[in-house]
Amino acid sequence: MMFINRHTNKLTLLSGVLILFGVLFKVLNFSLTSDILLIIATAVAFLPIFLKAYSSTRMKQFSIELLVVIAIIGAIYIKEYIESSVVSFLFLFGAYLEAKTLEKMRNSLDKLTSLAPKEALVLRDGIEETISVNKVVVDDLVILKAGTVVPVDGVVINGDATINEASITGESVPVLKDIGSEVYSGSIVLDGYLTFRSTKVGRDTTFNKMINLIEEASESKTQAQKFLDKFASIYTPLIAVLSLLVYLFTKDLHLSITFLVVACPGALVIGSPVSTVSGIARGARMGVLIKGGEAVNNLAKTNIFVFDKTGTLTVGRPEVNEFIDFKATKDPLLYLGSLEQASEHHLARAIVNYTNDQNITLSEDVKDINVIRGYGISGLVNELSVLIGNVELMENNNIKVSSEIKETIKKYEALGNTTILLSVENKLSGLVSISDQVKDEAKGALKNLKPNKTVMLTGDNELTALKVSEELGIDYTFASLKPEDKVEKIKELQSKGYKVAFVGDGLNDAPALKLSDSGISMGISSVEVSRDISYVVIMNDNLDVLVDSVSLAKKTRSNMIQNMLIAIITVIILLIGVVFKKVNLAIGMFVHEGSILVVILNGMRLLRFKNKEK
């Protein structure tokens with residue numbers, strides 16, 4: 001059987017040549033020679049078809065090959081040798097064309113896989129050595145030179161280089177990497193020289209996780225595909241029974257066999273997965289990971305987009321633009337920065353960076369840390385109680401915030417800034433004003449999502465949120481929300497019949513990403529847990545790519561529907577032709593195989609997708 005499978009293409013070619021000579025001898029009136037050649041042609045092509053049918057039957061599957069086997073045997077029985085040979089040849093030739101076109105589609109994924117690095121240049125005990133990428137461990141010092149592929153993820157500790165991250169983000173514009181920058185496996189060094197410390201190796205690298213996600217997504221099925229699989233398992237034996245009934249009523253074996261062939265559901269079964277895999281492959285080349293057919297379907301049906309603010313609609317690199325010292329405590333920045341070191345909040349990084357810029361030596365004597373979601377953080381620094389957060393947090397802890405300070409806060413918030421208060425030993429000690437810029441492409445991207453509704457959910461204050469909302473033309477804005485409040489808002493929208501896509505990137509976004517119909521994680525640097533539970537991951541945090549992803553999902557779903565219609569209409573037309581005796585067995589098989597090829601080629605059009613709606 002393995003020998004037959006390896007040489008199926010040669011058998012197909014031999015069958016085709018024998019058919020040509022058989023028809024030629026038929027025309028020249030050498031009927032006996034013609035019949036012999038056509039019977040041999042049938043047998044040559046019949047063997048691999050029969051073996052597949054036998055294998056499927058042993059696994060208790062009623063395959064299309066079994067129907068074709070029955071049809072070929074029936075054609076030989078009624079001495080229609082031209083039809084028996086042509087049907088068997090066309091079935092194999094159709095399978096060959098399908099394999100070739102599907103191979104082209106798989107090449108889109110293979111191009112990504114081929115970028116997987118094989119070797120790494122590491123520095124161990126002061127000696128440079130080239131090792132297999134599988135032997136790189138966490139904390140290894142890895143050297144990158146121009147023209148090399150980044151082998152694992154890490155953080156640059158020395159030097160700088162220009163790197164192309166298109167294989168990860170889909171963005172072809174090179175990125176400059178210097179000390180403190182993160183580098184990702186699979187990206188390519190264009191010029192420069194740097195050393196980085198590895199942080200993720202093996203299966204944990206960004207590139208390997210991306211490839212695994214794509215492969216898993218390609219194998220997953222939509223509800224439509226699952227339905228069609230069940231449908232085919234019932235439909236195929238049903239057709240066999242119906243063809244038998246046709247023979248019993250008409251006593252026309254030729255008609256019965258033709259009915260059997262033309263009603264095969266091949267194009268119907270293959271149409272949906274071809275569209276899905278093509279869409280996922282195209283998304284991967286754009287730097288978008290769509291986790292399976294159902295994720296494609298859900299994104300295509302989305303009619304309301306809910307956004308987190310920081311890092312999603314804004315640049316995500318907040319900076320302290322002012323610190324007001326209330327002169328109630330000595331060295332307030334020491335307490336501010338020391339406690340914020342323990343926080344994972346995006347604003348904490350801005351505060352720590354600011355204190356470092358002010359040359360403040362932060363304390364390591366920090367304990368009893370308590371993150372109060374939606375309010376702030378508390379703890380002990382140098383044995384003194386420190387509280388950092390909003391006005392509500394202060395007042396809840398009996399720390400009075402004067403009307404003058406509240407007016408100052410409103411002034412900053414009216415400018416779109418976020419404000420944070422500092423208390424040391426129950427004394428209000430300072431106020432921090434932090435700003436974050438709206439992404440350049442945000443306004444245009446949200447406009448291109450219309451007529452879908454847009455919503456912003458943020459833990460930020462109302463004035464800051466409204467300023468961003470007005471600037472971007474967002475339909476609905478809800479501010480001062482805790483993570484659980486975001487979840488409730490999504491439930492509320494879903495209860496009203498909306499198909500909700502939530503777009504975020506932080507740890508506090510995880511519950512909302514999981515609950516939404518289509519959770520979309522933005523950016524290669526988004527929190528890992530957010531990426532893992534999202535249905536769609538946009539490796540490049542550009543919002544224009546989000547718009548392209550939505551258009552791709554809609555195009556993929558539309559393509560899937562087109563393929564199903566092509567398959568159904570083809571079968572209906574053929575069956576009508578059979579009933580009126582306008583379609584014979586050979587024509588039926590030719591059109592049947594042609595319809596399979598058409599749906600494959602139609603699905604592959606998605607590999608060239610470009611968003612024309614922007």
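The values are calculated or read from the model by the stated rules, or taken from the named source; none is laboratory data. Only a predicted model underlies this, so the values are computations on that prediction, with no experimental measurement involved. With ideal geometry, Cβ positions are generated from the backbone for all residues, glycine too; neighbour counts draw on all protein chains shown.
Do the conditions hold for residue 446, that is, is it modelled with pLDDT of 90 or more, touching a Leu at 6+ places or on another chain (Cβ under 8 Å) and either in a helix (DSSP H, G or I) or closer than 27 Å to residue 488 by Cβ (or both)?
yes
Any idea which residue in segment 1-59 is surrounded by the most Cβ atoms within 10 Å (Cβ to Cβ), counting only those that are modelled with pLDDT of 85 or more and not in a helix (DSSP H, G or I)?
Result: 30.
Would you check if there is a residue in segment 351-363 being in contact (Cβ under 8 Å) with a residue 24 or more places away in the chain, of a type in the set (A, V, I, L, M) and out of contact with any Gly (no Cβ under 8 Å at 6 or more places or on another chain)?
Within segment 351-363, none of the residues are in contact (Cβ under 8 Å) with a residue 24 or more places away in the chain, of a type in the set (A, V, I, L, M) and out of contact with any Gly (no Cβ under 8 Å at 6 or more places or on another chain).
Checking the conditions here, which among 540, 563, 508 is at pLDDT below 85 and assigned to a helix (DSSP H, G or I)?
Checking each option against the conditions leaves just 508.
Select from segment 478-505 the residues that are part of a helix (DSSP H, G or I) and β-branched (Val, Ile, Thr) and write down the one among them that is modelled with the highest pLDDT.
490
If you take the residues of segment 441-463 that are of a type in the set (Val, Ile, Thr) and touching a strand residue (DSSP E or B) at 6+ places or on another chain (Cβ under 6 Å), which of them is surrounded by the most Cβ atoms within 10 Å (Cβ to Cβ)?
Out of the qualifying residues, it is 454.
Kindly indicate whether any position in segment 406-418 is more than 36 Å from the chain's Cα centre (by Cα), touching a residue at least 24 places away in the same chain (Cβ under 8 Å) and in a strand (DSSP E or B).
Within segment 406-418, not a single residue is more than 36 Å from the chain's Cα centre (by Cα), touching a residue at least 24 places away in the same chain (Cβ under 8 Å) and in a strand (DSSP E or B).
When residue 116 is evaluated against the numbered criteria (1) surrounded by fewer than 18 Cβ atoms within 10 Å (Cβ to Cβ); (2) modelled with pLDDT under 85; (3) in contact with an Asp or Glu (Cβ under 9 Å, 6 or more places away or on another chain), which criterion, by number, is the only one it fails?
The single condition residue 116 does not satisfy is (3).
Kindly indicate which of 163, 157 is touching a strand residue (DSSP E or B) at 6+ places or on another chain (Cβ under 9 Å), at pLDDT below 90 and either buried (at least 17 other Cβ atoms within 10 Å of the Cβ) or among the aliphatic types (A, V, I, L, M) (or both).
None of the other options fit; the residue is 163.
Of 437, 494, which residue is surrounded by fewer than 16 Cβ atoms within 10 Å (Cβ to Cβ), out of contact with any Phe, Trp or Tyr (no Cβ under 7 Å at 6 or more places or on another chain) and more than 25 Å from residue 554 (Cβ to Cβ)?
437
Check whether at least one residue in segment 310-323 is within 34 Å of the chain's Cα centre (by Cα), of a type in the set (A, V, I, L, M, F, W, C) and surrounded by fewer than 20 Cβ atoms within 10 Å (Cβ to Cβ), and report yes or no.
So far as segment 310-323 goes, yes, one or more of its residues are within 34 Å of the chain's Cα centre (by Cα), of a type in the set (A, V, I, L, M, F, W, C) and surrounded by fewer than 20 Cβ atoms within 10 Å (Cβ to Cβ).
Given the criterion within 26 Å of residue 334 (Cα to Cα), surrounded by fewer than 22 Cβ atoms within 10 Å (Cβ to Cβ) and small (Gly, Ala, Ser), identify the matching residue among 402, 480.
Going through 402, 480 in turn, just one is within 26 Å of residue 334 (Cα to Cα), surrounded by fewer than 22 Cβ atoms within 10 Å (Cβ to Cβ) and small (Gly, Ala, Ser): 402.
What about residue 103, is it modelled with pLDDT under 80, of a type in the set (Asp, Glu), part of a helix (DSSP H, G or I) and under 21 Å from residue 262 (Cα atoms)?
When the stated conditions are applied, residue 103 does not pass them.
To keep it simple, each residue is scored yes or no on (1) closer than 30 Å to residue 611 by Cα; (2) outside any helix (DSSP H, G or I); (3) free of Cβ contacts under 8 Å to residues at least 40 places away in the same chain.
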{"site": "234", "(1), (2), (3)": "no, no, yes"}
{"site": "241", "(1), (2), (3)": "no, no, yes"}
{"site": "261", "(1), (2), (3)": "no, no, no"}
{"site": "268", "(1), (2), (3)": "yes, no, no"}
{"site": "273", "(1), (2), (3)": "yes, no, no"}
{"site": "281", "(1), (2), (3)": "yes, no, no"}
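Consider only pairs whose beta carbons are under 9 Å apart and that are at least six residues apart or on different chains; among these, list those whose first residue lies in segment 453-464 and is under 15 Å from residue 486 (Cβ atoms) and whose second residue is in a strand (DSSP E or B) and at pLDDT below 90.
456/308; 457/308; 457/504; 458/308; 459/308; 460/418
Take segment 392-406 and flag every residue that is of a type in the set (D, E, K, R) and in contact with a Ser or Thr (Cβ under 9 Å, 6 or more places away or on another chain).
The answer is 392, and nothing else.
Take residue 262 and decide whether it is in the same structural domain as residue 95 (by TED's automatic domain parsing) and among the hydrophobic types (A, V, I, L, M, F, W, C).
Yes.
For the structure I just gave you, tell me whether residue 416 is on the phi > 0 side of the Ramachandran plot and in contact with a Lys or Arg (Cβ under 9 Å, 6 or more places away or on another chain).
yes
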